[in-house]
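The values are calculated or read from the model by the stated rules, or taken from the named source; none is laboratory data. All values reported here derive from a predicted model rather than from experimental measurement. As a convention, Cβ positions derive from the backbone with ideal geometry for all residues, glycine included, and neighbour counts pool all protein chains shown. Ligands, DNA and RNA are stripped out before the accessible areas are found, and what is left, the full protein with its side chains, is counted by its heavy atoms. Shrake-Rupley method; radii C 1.70, N 1.55, O 1.52, S 1.80 Å.
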Amino acid sequence: MKRTAGSSGTLPIKVWSRPVVWEIVVAMVVVAATIIVAGLGRGVAEAQAGAAQGDQNELTIESDSNLPDAYPHTPYELRFRARNGIPVLHWRVVKISRRGEPLGDLPPGLKLEDSGLLHGEPERSGEFQFTVAVIDGSGSPGGVQKNFVLRVKSALMLDWKSGAHVNGSRIEGTVAVTNTTQDDMDLTFDVKAMAENGRATEIGYQHFVLKRGTIAMVLPFGENLPHGGYLVRVDAVGEVAAKNLIYREALQTPGPLHVNVGP
């Protein structure tokens, strides 16, 4: 600013009006808030990224809860899979829950190795539920646990195909027989109609070698019967003499079938 004649030599002081001062204060507050919010946003993003990275590195059992079916006295092998974790991984069956409650176990005849290999030959059919844990090199005592279901299906299976039914004075039907084992078996197939007085009449019989891997072979049965009500029972016995194994399966109608014609 240019000095005027007679002045004392000091520069004049500019006095801001109150509205201008408030505008400057508000602008400074907005800038400060923007900086704080931006910093918080970066912090949240970094925290989320860290959590996501932690999830990606977390030890996880990948194997599906429903394991492939097994069959009695037939070799079974499966290796459990896990993702992430610190080597080396150690596997085991958990028989007591963290609450102290008993848990299920493997089918008899199967064993889980420390390496995660499940193998053996199941001794009987059924549905088995059990819990498996994997522990990595971090030393965490509990590790990661997961529940599994393994169904051991019957080696010799019978199913109604057309089902037992009355046709005039005749009771007849078909049955599907399956051999899921790796062995040929000597099969005896027997069907009886049991009258209300306890008398049993043969209405189907076959004896032959049922080849290994046979699926749903259809076996017919049928016979003319006197007037009356009959329960129909199907029995199948498969023998593998070389291994001293015998398999048995049976079917029966839920109620009597009535023959209303005939003597």
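Points worth noting:
- Extension gain, Asn84-Arg212: 0.36 nm per intervening residue step, less the Cα-Cα distance, totals 42.0 nm.
- Heavy-atom accessible surface of segment 67-199: percent carbon and sulfur, 1.4 Å: 47 percent
- Listed pairs Lys161/Lys211; Lys111/Lys211; Lys95/Lys153; Lys111/Lys161; Lys153/Lys211; Lys95/Lys243 exceeding 26 Å between Cα atoms: Lys111/Lys211; Lys111/Lys161; Lys95/Lys243
- Protection proxy ranking, highest mean first, for peptides 161-174, 136-149: 161-174, 136-149, where packing is the per-residue count of other beta-carbon atoms within 10 Å, averaged.
- Cleavage-rule hits, GluC sites (Glu not before Pro), segment 192-263, DSSP coil, Cβ neighbours within 10 Å at most 13: Glu196
- Alpha-carbon centroids, segment 84-114 and segment 195-234: separation in whole Å: 45 Å
- Residue-normalised accessible area of segment 102-165, given per residue in Å² at a 1.4 Å probe: 47 Å²
- Most to least accessible of Thr188, Thr253 (protein chains only, probe 1.4 Å): Thr188, Thr253
- Computed on segment 101-176, the Cα convex hull volume stands at 131 Å³ per residue.
- Near the amide H of Arg81, within less than 5 Å, lie the amide hydrogens of Glu62, Ser63, all on another chain or at least 5 residues away, with H placed in the peptide plane.
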